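The values are calculated or read from the model by the stated rules, or taken from the named source; none is laboratory data. Computed from a predicted model, the values in this text were never measured in an experiment. Quick reminder, even Gly has a Cβ in these numbers, built from the backbone with ideal geometry, and neighbours come from all protein chains shown. Quick note on the areas: whole protein, heavy atoms, side chains included, nothing else; ligands and nucleic acids left out. Shrake-Rupley method; radii C 1.70, N 1.55, O 1.52, S 1.80 Å.
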Amino acid sequence: LLVNLTLFTLIFATPIYLVYALILKLLKKRTDWKLSICFIEFIFCCYFVNLLRLTGMFNICLSNFSDSHASPNIVPIINTLKEVMDYGFYVLKQVCLNILLFVPFGLLVGLIKQSGRNILIASLIISVTIEALQYYNGRFADIDDVIWNVSGALIGYLVYLSYQKIKHLLMIPKAATN
């Protein structure tokens, strides 16, 4: 399974990254091609492909678009609180998994040097899009999933900021080493 997942990821992520890099090159948006930044961007592409796979985005069929569905949950938090009371640990596990699913998003996008505002907007757009498409894929769409996903991205960004702060505190000034 891991080999299939890795092969699947590489088959889809590599052309996505190459197109992204080509667009940056053609638009002259990047002059400094640091290997570390390119590697982080490629890892982000791999993460994104797996995010789409885990959320069922590669399983969407046109025939599903006409199927009837349960109504999506558009009232924030209340449904989750009710479900926690009824189902307990299972619902809390789902909340935690939705948060954890987007932590790498905030961390990796932070490493690519985007602002917290850009991470918030991008994670919101991606999460809303996934939920909307899940609705048409016969799955349940839930505004709470969007809230938990965006929270996860912000937690990932806070991890990035903490890493930057610790790294800055541990750096020894060059003047002190001479």
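Descriptive notes on the structure:
- Restricting the range 22-51 to residues that are of a type in the set (A, V, I, L, M) and surrounded by 16 or more Cβ atoms within 10 Å (Cβ to Cβ), the residue that is nearest to Gly138 (Cα to Cα): Leu51
- Cross-chain or 6+ apart pairs with Cβ under 6 Å, the range 70-96 first and at pLDDT 90 or above, then surrounded by fewer than 12 Cβ atoms within 10 Å (Cβ to Cβ): none
- Per the listing Lys93, Lys165, the residue uniquely under 23 Å from Met57 (Cα atoms), over 11 Å from the mean Cα position of the chain (by Cα) and of a type outside the set (Asp, Glu) is Lys93.
- Flag for Ile125 being within 19 Å of Asn50 (Cα to Cα), in a helix (DSSP H, G or I) and open to solvent by 20 Å² or more (accessible area, probe 1.4 Å): yes
- If you go through the range 133-147 and keep only what is part of a helix (DSSP H, G or I) and open to solvent by 50 Å² or more (accessible area, probe 1.4 Å), you end up with Leu133, Tyr135, Tyr136, Ile143, Ile147.
- When the criteria are applied in full, Asp86 meets the requirement of being surrounded by fewer than 13 Cβ atoms within 10 Å (Cβ to Cβ) and assigned to a helix (DSSP H, G or I).
- Listed by first and then second residue, the pairs linking a residue in the range 24-48 that is under 29 Å from Leu101 (Cβ atoms) and modelled with pLDDT of 90 or more to a residue that is surrounded by 12 or more Cβ atoms within 10 Å (Cβ to Cβ) and of a type in the set (S, T, N, Q), with Cβ atoms under 6 Å apart and 6 or more places separating them unless they lie on different chains, are Cys46/Thr9.
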